[in-house]
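Some notes on the structure that comes next.
The values are calculated or read from the model by the stated rules, or taken from the named source; none is laboratory data. Being a predicted model, the structure only gives us computed values, none of them experimental. Cβ coordinates were reconstructed from backbone atoms using ideal geometry, including for glycine residues, and neighbour counts include every protein chain displayed. Heavy atoms of the whole protein, side chains included, go into the accessibility calculation; ligands, DNA and RNA do not. Shrake-Rupley method; radii C 1.70, N 1.55, O 1.52, S 1.80 Å.
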Amino acid sequence: MSHYAGPLLTRPAGEALLAARTAGATEWTGSLDLGRSTGSVTLQTDAWQWNGQSYPYPGKLKDRTIYYWDGDEFAVISRFSGSLIKLVPTEWGAPTFEIDGIKMLPTSKESPVDDARRKVALVEPRGKVVLDTCGGLGYFAACCLEAGVARIQSFEKNPDVLWLRTLNPWSPDPDAPASGGRLQLAHADVSQAITQIADASVDALLHDPPRFGIAGELYSQVFYNQLARVLRRGGRLFHYTGSPNKLTSDRDVPREVEKRLEKAGFKAQLALDGVLATRR
């Protein structure tokens with residue numbers, strides 16, 4: 001799917017547009033792509049122009065919501081097909097997303113892209129072939145491309161998340177010149193697709209699964225054995241686990257993951273908010 005190139009509005013951006021018009025300005029300068037860039041908008045009484053196209057002024061916009069132009073109106077970037085999936089703005093520019101109100105990326109202390117960058121650095125992707133098991137919004141992939149990865153194969157199971165990626169200017173576009181053909185994004189369940197990947201054909205792994213209660217198969221010994229099979233000896237894996245509350249869940253998921261990875265053939269240790277492992 002091609003990436004959306006129109007304006008994105010949040011409540012602060014929409015209010016800034018309206019305030020500029022009310023003040024009698026004929027031009028407003030700001031960001032209409034969630035902080036990726038800054039541009040100028042021509043203001044008229046009943047419409048505003050950006051990149052050669054005219055748009056109506058928005059009505060009342062909600063907090064924690066991003067809107068895109070669907071050809072008729074500014075619509076919320078969300079979908080409901082069994083679960084409510086929504087792109088959500090952050091103070092850092094790069095958005096996160098929620099599934100049924102549960103935030104899927106850490107954003108309280110830093111940008112989700114900066115968070116991804118620190119984790120990607122652990123597997124040292126420059127010049128390597130990387131497997132990104134659960135692509136999400138593509139921030140791991142974006143940081144790998146930035147770091148000089150040779151090739152990254154990314155899988156994403158949820159079609160609505162793939163749709164969010166096409167509307168998010170921070171998500172890498174596999175077809176964009178900047179990607180240089182190095183990113184392959186597949187709509188597939190990695191727990192099944194991994195069986196078709198050749199032995200020892202991957203130099204590094206990034207595994208950022210949904211929480212255990214949603215995707216337990218991606219924490220299983222069977223899946224970890226497959227990760228060990230496709231990763232070359234000496235290759236690194238970063239496995240995001242988050243920090244589940246041990247008192248409420250009565251489990252220590254990071255330690256469970258560490259033990260299963262050791263059993264699969266890795267040398268593993270806790271790192272950041274997950275587990276860093278090396279294929280023995």
Requested in this report: Answer with one residue from Leu237, Gln192, Pro174: the one whose Cα lies farthest towards the positive end of the charge dipole of the chain, charges on Cβ with Lys, Arg +1 and Asp, Glu -1.
Outcome: Leu237
Report summary line: Tilt, helix 11-22 to longest principal axis of the chain (alpha-carbon atoms), in degrees rounded to tens, equals 20
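Quick check on the chain: of the DSSP beta bridges with both residues there, what percent are antiparallel, nearest 5%? Walk me through the numbers on the way to the answer.
Numbers: 35 of 52 bridges.
Antiparallel bridges: around 65 percent, rounded to the nearest 5.
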**Report entry** About the Cα centre, charge dipole magnitude for segment 147-280 (Lys/Arg +1, Asp/Glu -1 at Cβ), debye
**Finding:** 600
Query - Value at 222 nm in deg cm²/dmol, rounded to 500, when DSSP H runs of n ≥ 4 in the chain each add -39,500 (n - 2.57) - result: -7000 deg cm²/dmol
Requested in this report: Kindly provide the pair-distance distribution of segment 34-126 built from C-alpha pairs, with 10 Å bins from 0 and whole-percent values in order of increasing distance.
Outcome: 13, 34, 31, 18, 4, 0
Requested in this report: Calculate how steeply helix 221-230 sits against the longest principal axis of the alpha-carbon atoms of the chain, using the helix alpha-carbon long axis, and give the answer as 0 to 90 degrees to the nearest 10.
Outcome: 90
Query - Dipole magnitude of segment 35-128, debye to nearest 20 (Cβ charges: Lys/Arg +1, Asp/Glu -1, about Cα centre) - result: 480
Report task. State the answer as a single residue: which of Ile214, Val149, Ala268 lies farthest towards the positive end of the charge dipole of the chain, with beta carbon charges of +1 for Lys and Arg and -1 for Asp and Glu, about the Cα centre. Result -> Ala268
Report task. Mind checking the per residue accessible area of the chain for me, 1.4 Å probe, whole number of Å²? Result -> 48
Query raised in the report: Cα axis of helix 253-264 to longest principal axis of the chain: angle in degrees, 0 to 90, nearest 10?
Result: 50
Query raised in the report: What's the Cα-based Rg to Rh of segment 176-280, Rh via Kirkwood?
Result: 0.99
Query raised in the report: For segment 1-68, what is the charge dipole size about the Cα centre, in debye to the nearest 20, if Lys and Arg each add +1 at the Cβ and Asp and Glu each add -1 at the Cβ?
Result: 220
Report task. Return the inverse of the average 1/r over all pairs of distinct C-alpha atoms in the chain, which is the Kirkwood hydrodynamic radius, in Å to one decimal. Result -> 20.1
